[in-house]
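Take a look at the structure set out below.
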Amino acid sequence: MPDSEKLDQRLRQSLATPVAPTLSPEFDQRLARQLAPRRLSARSRSILLGYFLLGIAVSVGAMHEAGMDLRLCCALTIGPLVLVVPLLRPYFS
């Protein structure tokens, strides 16, 4: 078989194949599982809540011992934490 016929045969074979690759049917489901935010277990949530409350208590106590007004201590500690709640919400759903 001459080279030109081999080239024509390969060209026909390459043109007969599908142009774009295809994804498997379950690809969207697997991708959604990989990209979904991780959920915390009930135990992890309770540990995180305990750590959160302990941190607030220690911060307020330390600032109060340093001579700050108790209301100001609470406002300066709890205020910024309220801003973080929307960021943590996906992990607690």
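FYI, it's all coordinate maths here, none of it is from the lab. Treat the numbers as computed from the prediction; the structure is a model and nothing was measured. Here the Cβ positions follow ideal geometry from the backbone for every residue, glycine too, while neighbour counts run over all protein chains shown.
Only one of [x] 61, 27, 18; [y] 49, 35, 25; [z] 96, 26, 17 was calculated from the structure for Cα extents along the principal axes in Å, and its label is [z]. Here the spin labels are modelled as points 7 Å beyond Cα on the Cα-Cβ line, and at L83 and E26 they lie 4.5 nm apart.
Loop-located trypsin sites (Lys or Arg not before Pro) in the range 17-73 (DSSP state other than H, G, I, E, B) with a sparse environment of at most 16 neighbouring Cβ atoms within 10 Å: R38, R39. Helix 70-92 and the longest principal axis of the C-alpha atoms of the chain enclose an angle of approximately 20°. Between E65 and R33, the simple spin-label model (points 7 angstrom out along Cα→Cβ) gives 5.0 nm. Sequentially through the range 2-11, phi angles give Karplus couplings (6.51, -1.76, 1.60; θ = phi - 60°) of x, 4, 5, 5, 4, 5, 4, 5, 5, 5 Hz, Gly and Pro residues having no value and appearing as x.
Label-to-label distance, S41 versus A57, with points set 7 angstrom from Cα along the beta-carbon direction: 2.5 nm.
Which ordering of S14, S59 is given by a fewest-first count of other beta-carbon atoms within 10 Å?
Ranking S14, S59 by Cβ neighbours within 10 Å, fewest first, gives S14, S59.
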